[in-house]
Amino acid sequence: MDEEAGRFFAMHHPFTSPVPEDLPLMEKDPAKVRANAYDLVINGVEIGGGSVRIHDAAVQRQMFKILGFSDEEANEQFGFLLSAFKFGAPPHGGIAFGFDRWVAMFGGQDSIRDL
């Protein structure tokens, strides 16, 4: 919760699914909901990260509501996605690797700026 703005903001993006057992918390205590996300760490260095995406229209609408989107705003900006869910999107995830971090680590550098 951003106290100054008085609302929640997505930490990464609004499409990361909640941990399944936290779904009941979305309505009553959204600040306690954990992201179904992961990091790839080698020797204490984060070199990649990702998440399982929301694949259910009801959960996605609820997430947009928590983030302060009206139904109209959600439909205007993401109606294509919400409509696509009716075709049965499977659970899916993604990961992004920080190739620069790999190179720095394997090159013995403390910072990617040294490369």
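Of the residues Ala10, Ala5, Ala31, only one is surrounded by 11 or more Cβ atoms within 10 Å (Cβ to Cβ) and either in a loop (DSSP other than H, G, I, E, B) or without any contact (Cβ under 8 Å) to a residue 40 or more places away in the chain (or both); which?
Ala10
State whether one or more residues within the range 43-52 are out of contact with any Phe, Trp or Tyr (no Cβ under 7 Å at 6 or more places or on another chain) and without any contact (Cβ under 8 Å) to a residue 40 or more places away in the chain.
yes
Of everything in the range 53-68, what is free of Cβ contacts under 8 Å to residues at least 60 places away in the same chain and over 19 Å from Ala84 (Cα atoms)? Give them in sequence order.
Within the range 53-68, just Ile66 meets the criteria.
Look through the range 13-28, keep the residues that are in contact (Cβ under 8 Å) with a residue 12 or more places away in the chain and in a helix (DSSP H, G or I), and return whichever of them is nearest to Pro91 (Cα to Cα).
Pro20
What's the number of the only condition in (1) of a type in the set (Val, Ile, Thr); (2) more than 23 Å from Phe9 (Cβ to Cβ); (3) in contact with a Ser or Thr (Cβ under 6 Å, 6 or more places away or on another chain) that Val41 fails to meet?
(3)
In the set Ala74, Ala84, Ala89, which member is touching a Leu at 6+ places or on another chain (Cβ under 8 Å) and of a type outside the set (Ser, Thr, Tyr)?
Ala74
Specify the residue that is farthest from Ala5 (Cα to Cα); the eligible residues are those in the range 67-94 that are hydrophobic (A, V, I, L, M, F, W, C) and open to solvent by 40 Å² or more (accessible area, probe 1.4 Å).
Across the range 67-94, the extreme among qualifying residues is Phe87.
Can we say Asp71 is without any contact (Cβ under 8 Å) to a residue 60 or more places away in the chain, closer than 30 Å to Asp110 by Cα and of a type in the set (Asp, Glu)?
So Asp71 fails the test.
The values are calculated or read from the model by the stated rules, or taken from the named source; none is laboratory data. Not measured: the values here are computed from a predicted model. Cβ: placed from backbone, ideal geometry, glycine included. Neighbour counts: every protein chain shown. Quick note on the areas: whole protein, heavy atoms, side chains included, nothing else; ligands and nucleic acids left out. Shrake-Rupley method; radii C 1.70, N 1.55, O 1.52, S 1.80 Å.
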